[in-house]
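A.B. asks: One structure is given below, represented as structure tokens, and several questions about it will come after.
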Amino acid sequence: MKAKAEPLPLSPAEIPRKRYFAIGEVSEICGIKPHVLRYWEQEFPQLKPIKRRGNRRYYQFDDVEMVRRIRSLLYEQGFTIGGARQRLREARAERVEVAAASVAPLMPVAGPARPSPAAAAARKEKLHDIRTELEDLLKRWPV
């Protein structure tokens, strides 16, 4: 019988809002040993901590959340590493599709349309009226 994964030490709301986390901090927050985190970096392209002098790893908040997602997929939901990698890829593709669908109505299909000559003339006249009105206001306003 497979041993149950221990619950995460901190809920997502309790993760400290820091810019960078050392590998030991991420290890404690996520309940994962550092060598496992280093292995996951090789297996999951989504997990890319910043490396500084001496090859020290610094994880950002998004990296910590990704580690928690990976941990959940592997230990709680029972995915294999390949299955978890595929599930993360699918979840990203779904987010991209949703974002594209929400932006698509706003984007022109064939580039910006040129205004008709009448519309351009009307816009130019309106801008001229606004400018005249602003100049009149400036003349009345004591400086």
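A.B. asks: Looking at (1) surrounded by 13 or more Cβ atoms within 10 Å (Cβ to Cβ); (2) free of Cβ contacts under 8 Å to residues at least 12 places away in the same chain, which one does Val96 not meet, given that it meets all the others?
C.D. replies: Val96 satisfies all of (1) surrounded by 13 or more Cβ atoms within 10 Å (Cβ to Cβ); (2) free of Cβ contacts under 8 Å to residues at least 12 places away in the same chain except (1).
A.B. asks: Has the stretch 74-95 got any residue that is closer than 25 Å to Glu14 by Cα and of a type in the set (Asp, Glu)?
C.D. replies: Looking through the stretch 74-95, at least one residue is closer than 25 Å to Glu14 by Cα and of a type in the set (Asp, Glu).
A.B. asks: Something else about it: Out of the stretch 59-93, which residues are among the aromatic types (Phe, Trp, Tyr) and within 18 Å of the chain's Cα centre (by Cα)?
C.D. replies: Hits for the stretch 59-93 are Tyr59, Phe61.
Here, each number is a calculation from the coordinates, and none is a lab measurement. Please read all numbers here as calculations on a predicted model, not as lab measurements. With ideal geometry, Cβ positions are generated from the backbone for all residues, glycine too; neighbour counts draw on all protein chains shown.
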